[in-house]
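Just below is one structure, and these are the notes that go with it.
The values are calculated or read from the model by the stated rules, or taken from the named source; none is laboratory data. In this text, all values refer to a predicted model and were calculated from it rather than measured experimentally. Cβ placement follows ideal geometry from the backbone for every residue including glycine, while neighbour counts extend to all protein chains displayed. The accessibility values were calculated without ligands, DNA or RNA, using every heavy atom of the protein model including side chains. Shrake-Rupley method; radii C 1.70, N 1.55, O 1.52, S 1.80 Å.
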2 protein chains.
Amino acid sequence: MQKINETIKNIGLLDAAAMERAQERLDSLTKPQGSLGRLEELAKQLVGITGKERPESKNKVIFTLAADHGIAEEGVSAFPQEVTEQMVYNFLAGGAGINVLARHAGARVVIVDMGVKKKLKVKSEKLKVKKIDLGTKNFLKEKAMTREQAIRGIEAGIEVFEEEFRQGVDVAGTGEMGIANTTSASAITAAFTGAKVEEITGRGTGIDNSSLARKVKVIEQALKLHRPDPKDALDVLSKVGGFEIAGLSGIILAAAARRIPVVVDGFISGAAALIAYHLEPKTKDYMIAAHCSVEKGHRIILEHIGIKPLLDLNLRLGEGTGAALAMTILDASLKIFTEMASFKDAGVSEEKK
Amino acid sequence: MQKINETIKNIGLLDAAAMERAQERLDSLTKPQGSLGRLEELAKQLVGITGKERPESKNKVIFTLAADHGIAEEGVSAFPQEVTEQMVYNFLAGGAGINVLARHAGARVVIVDMGVKKKLKVKSEKLKVKKIDLGTKNFLKEKAMTREQAIRGIEAGIEVFEEEFRQGVDVAGTGEMGIANTTSASAITAAFTGAKVEEITGRGTGIDNSSLARKVKVIEQALKLHRPDPKDALDVLSKVGGFEIAGLSGIILAAAARRIPVVVDGFISGAAALIAYHLEPKTKDYMIAAHCSVEKGHRIILEHIGIKPLLDLNLRLGEGTGAALAMTILDASLKIFTEMASFKDAGVSEEKK
């Protein structure tokens, strides 16, 4: 717990003075004030996060964390559990959606085994192994993990971020893989927001109506059994969470502590953001919501934290794919901020007063 | 008119068979079916447009057309009229928003003088001069242009596209610059959609409440004076249009005729899309709506044509900036389509049946 506490202690406020100077610069550029909308807001936020006059986004890293979920045995996913492991191999071979979109965005992908059910059959420098356990327990029957495991999971995320930070990280992104993890994310969302389970729970990888009804029932029963305490994020995480979700909340905490913007992907990443936010609300200022997922609980998460998604492209793949796309918007915003000519330099008349 | 008619004659249907094969390929890739949402739809549309099994987006061109508007003398803009000319110099020097975002997207920018009020003081191979006149007339008092000028304007757009097409165009984008052109675009939108002027008219570059009220009144009076016929696109264009808008509708027609996708930027580009759509409804299938502008009339245009914007980033700059950003999403969709591994190749289990 010491590592978590120290990390939280290092999370500061945005640099308000630098943001004011950023606003002045934005208003001096050859465009009607504010006419580049979210690009301008984002540039200002990035200045506030980093405290730098001219933030950079050269080193972009997407952290894609994988783990298995005991709840999968309740038939809540359209895919068999072995797909978690198989997709890790796909990530390492470079053929998955996140590989394609990370290359597009110029980001590197760090794959982390946080708790895949099987021991992985490969070694690769792209793969970090931080296995907390061989998948969580079935939280319909018992707690998904012990409180100690929840802490170790978050701390593993902090360690992963710190290892990469030493190699250079200007922008972090979150991503995940774990069959049945929308069930866990829905339960976490219900626990923190109090919204009804049926209003939160979606089709994940694409389950049919009867599976969806079962999924809702499973989550309702689990919440009734465990009564997770929304004032105690570790209680929620340990009772209905997942190891990749634990790790991602650690990534978010660590990024915020290092004043690095963290692009939060979709619904599962959003559940991790809820954990991080409830551990330390200041993390919110360091988050950039990549997109609004098709999973309907995601919008509820974004509203609860109070962050606005950049994209809305009907994505529901996860892996960090939305974060990768959003990083290209983030790059664009910094280029606008640093490369555009001012009214004065370009000899363009300003607004009539 | 012959060039317009010939161009329209060459606009065909999307390639339905190729789109079916594209859907099969998309469904074979290692992701739940449809989970990359708009990226998948876009890839399929691009296959349908080009008729190619593997469409490319190497040569991206943004056409930024500039012209002046006689209606500017009614005080409908926050900026003085000379800014149109000054911004053309800024485009040529590479310091404007569109230059920055086109570089970001890997697109080249073609600047066209369709009718800037002054004779431009520079020559540059980046600048094409297709001046129809030294700005339009004040359409509160008389028709903005003659019907002959409207035709020449559209045909100039077709020529510009064809000149670039010979050098290679895989994806076209539209953009514009013209002080007071949201007034013209609002009038065009009202004429075609029948929506109320006050529901269409926005603040453009950022006018205050009293100027906005004047702008609404100007448009209402002009529509009353001219009674543009929505069944005759050239009538609408000549009475309340602009030369850059005419040229952009030509670009859209020509791109569709060549089976090249055309990324339509914001509100002014949307008005040009209305002209093109009413000249030939099949153009709709070749359009990709880049984003939804802050200018409230834009949403009405998109709904009227029946196209869904990719981005919603509170942009209202124009120039083609939204189109440039959307081109990065288009690139991403094609990379997903061509680079992702299939279930079979990656050895990943498919959905449970």
³J(HN,Hα), Karplus 6.51/-1.76/1.60, whole Hz, each residue of the stretch A:198-204, x for Gly, Pro: 5, 7, 9, 8, x, 8, x
From largest accessible area down, sort A:Thr7, B:Thr146; use a 1.4 Å probe on the protein chains. B:Thr146, A:Thr7
Per the Kirkwood formula over distinct C-alpha pairs, the hydrodynamic radius of the protein assembly as shown in angstrom is 26.2 Å
Taking the Cα centre of the protein assembly as shown as origin and charging only Cβ (+1 Lys, Arg; -1 Asp, Glu), how large is the dipole, in debye to the nearest 20? 100 debye
Proximal aspartates and glutamates to A:Lys217, defined as alpha-carbon separation beneath 12 angstrom and excluding residues fewer than eight positions away on the same chain: A:Glu74, A:Glu198
Roughly how far apart, in whole Å, are the Cα centres of the stretch B:1-25 and the stretch B:225-282? 18 Å
Where in the stretch A:115-153 does the label zone of B:Ser349 land, with the point 7 angstrom along Cα→C-beta and an amide N cut-off under 14 Å? A:117-118
Show the residues, 5+ positions off or on another chain, whose built amide H is closer than 5 Å to the amide H of B:Lys128. B:Ile111, B:Val112, B:Asp113
Treat every Asp and Glu Cβ in the stretch A:60-330 as -1 and every Lys and Arg Cβ as +1, leave all other atoms uncharged, and give the resulting dipole magnitude about the Cα centre to the nearest 20 debye. 140 debye
Please compute, for peptide A:33-43, the average count of beta-carbon atoms on other protein chains lying within 10 Å of each residue's beta-carbon. 6
What does DSSP give for the protein assembly as shown in terms of the percent of beta bridges that are antiparallel, rounded to the nearest 5? 5 percent
Computed from the beta carbon distance with a Förster radius of 60 Å, FRET efficiency for A:Glu82 and B:Lys282 to the nearest 0.05 stands at 0.80
Per the rule of 0.36 nm per residue minus the C-alpha distance, extending A:Thr338 to A:Arg21 adds in nm 112.8 nm
Under the 7 Å Cα-to-Cβ spin-label approximation, B:Lys118 and B:Ser28 lie apart by a distance in nanometres of 6.0 nm
Which single residue of chain A puts its beta carbon nearest to the axis of rotation relating A to B, and what distance, in whole Å, does that give? A:Thr328, 2
Evaluate E = 1/(1 + (r/R0)^6) for B:Lys224 and B:Lys137, where r is the Cβ-Cβ distance and R0 equals 25 Å; express this FRET efficiency to the nearest 0.05. 0.90
Which of the three applies to the stretch A:60-330, rounded, prolate or oblate, going by the alpha-carbon gyration tensor with a ≥ b ≥ c and a/c under 1.5 meaning rounded? rounded
Using a Cα-Cα cut-off of under 16 Å, which lysines could be cross-linked to A:Lys121, ignoring same-chain neighbours fewer than 8 residues away? A:Lys130, A:Lys131
Let me cross-check B:Lys284: its accessible surface, 1.4 Å probe, with only protein heavy atoms counted, in Å² to the nearest 10? 70 Å²
List the accessible area buried at the contact between B and A, summed over both sides and calculated with a 1.4 Å probe, in Å² to the nearest 100. 4600 Å²
Treating the point 7 Å from Cα along Cα-beta-carbon as the label, what are the nm separations from B:Glu24 to the other copies, to one decimal? 6.3
How far apart are the A:Glu220 label points across copies, placing each 7 Å from Cα toward Cβ, in nm, shortest first? 5.4
So, taking all protein chains as they sit and a 1.4 Å probe, how much accessible area belongs to B:Met114, in Å² rounded to tens? 0 Å²
Over the protein assembly as shown: helical MRE at 222 nm, DSSP H runs n ≥ 4 each giving -39500 (n - 2.57), nearest 500: -16000 deg cm²/dmol
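Pairs of Cα atoms under 8 Å, at least six residues apart: use those to get the relative contact order of chain A, whole percent. Walk me through the numbers before you get to the answer.
Details: 724 pairs, mean separation 87.8, N = 353.
Taking the mean separation of contacting Cα pairs over the length of chain A, I get 25 percent.
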If I require 15 Å or longer along the helix axis, counting alpha carbons, and a Kyte-Doolittle average no lower than 1.0, what helices from chain B are left? Use full DSSP H segments. B:243-257, B:267-279
Could you check the spin-label model distance between A:Lys196 and B:Thr146? Points 7 Å from the Cα along Cα→Cβ, value in nm. 6.7 nm
How far apart are the B:Lys118 label points across copies, placing each 7 Å from Cα toward Cβ, in nm, shortest first? 7.3
Solvent accessible area, Å² - A:Arg203, 1.4 Å probe, full protein context: 100 Å²
Filtered hits (lysines, Cα-Cα < 23 Å from A:Lys282, offset >= 8 within chain) -> A:Lys3, A:Lys9, A:Lys44, A:Lys52, A:Lys60, A:Lys231, A:Lys308
Selection from B:Ala72, B:Ala17, B:Val294 lying farthest towards where the dipole of chain B points positive, charges on Cβ: B:Ala72
